[in-house]
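Take a look at the structure below.
The values are calculated or read from the model by the stated rules, or taken from the named source; none is laboratory data. Here the structure is a predicted model, which means the values were calculated and not measured. Note that each Cβ is placed from the backbone with ideal geometry, even for glycine, and that neighbours are counted across all protein chains shown. Please note that ligands, DNA and RNA were not included when accessible areas were found on the heavy atoms of the full protein model with its side chains. Shrake-Rupley method; radii C 1.70, N 1.55, O 1.52, S 1.80 Å.
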Amino acid sequence: MKMVIQRVSRAEVRVDGRVVGRIGVGLVVLVGLERGDGEQQLQRAARRLASLRIFSDEEGRMNRGLDEVGGAVLAVSQFTLGGSIRKGRRPSFDGAMRGDEAEPLFEQFLEAVRDHGVEVATGVFGAMMDVELVNEGPVTLIWEDPPR
């Protein structure tokens, strides 16, 4: 499982020009599920996301979490995170989980994040989406928990 986490002042996701998810202050999380991922990765990722302290305090230090800034998460499934560009000129997506397997796991991940008291918005699984965000800082982190 891979996540690209971006601290934002606002973000939204559109499908066919229509806004389907929107947040103010919070985190945009691009989520890539890989073959072999399961419940353990989902739970660890949800815990990590809910407990990250990457928002600035009065002294400008990354010392506050989502709960302290009233933040939310905009989670977007992105199978291309399971891709590889090591060989050839086109990406290989052999490591990415198939959509029919990934969709229920992605939904479980969203629920696991919500179970930590975090407000979650999302896009439409498998749809072509336009994600617009204002990356504050910019702050971007990558989290990986390889399949066991």
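If only the Cβ of Lys and Arg carry +1 and only the Cβ of Asp and Glu carry -1, the dipole of the chain around its Cα centre is close to 580 debye. Accessible surface for segment 1-96, divided over its residues, is 54 Å² per residue with a 1.4 Å probe.
What segment 100-148 shows is 62 Å² of accessible area per residue, with the surface traced by a 1.4 Å probe over protein heavy atoms. Spin-label model, GLU107/GLU39: points 7 Å from Cα along the beta carbon direction are separated by 1.7 nm. When the Gaussian network model of the chain links Cα atoms closer than 10 Å, the mean-square fluctuations of LEU133, LEU27, LEU74 top out at LEU133. Sequentially through segment 59-70, phi angles give Karplus couplings (6.51, -1.76, 1.60; θ = phi - 60°) of 9, x, 8, 6, 9, 10, x, 3, 5, 7, 10, x Hz, Gly and Pro residues having no value and appearing as x.
Element breakdown for the chain at a 1.4 angstrom probe: carbon and sulfur atoms account for 46% of the accessible area.
Pick out, from GLY70, GLY38, SER84, the residue whose Cα sits farthest towards the positive end of the charge dipole of the chain, with +1 on the Cβ of Lys and Arg and -1 on the Cβ of Asp and Glu. Checked the options; the winner is SER84. Here the spin labels are modelled as points 7 Å beyond Cα on the Cα-Cβ line, and at ILE142 and SER56 they lie 2.6 nm apart. Compute the Cα gyration tensor for segment 1-63, then decide on rounded, prolate or oblate, letting a ≥ b ≥ c be the square roots of its eigenvalues: rounded whenever a/c is under 1.5, prolate when a/b is larger than b/c in the other cases, and oblate in all that remain. Cα axes put segment 1-63 in the oblate bin. Amide H contacts under 5 Å for ARG10: VAL134, restricted to partners 5 or more places along the chain or on a different chain, H placed in the peptide plane at 1.01 Å from N. Here the Karplus relation 6.51 cos²θ - 1.76 cosθ + 1.60, evaluated at θ = phi - 60°, turns the backbone of segment 87-96 into coupling constants of 10, x, 9, 10, x, 9, 10, 4, x, 6 Hz, with x for every Gly and Pro.
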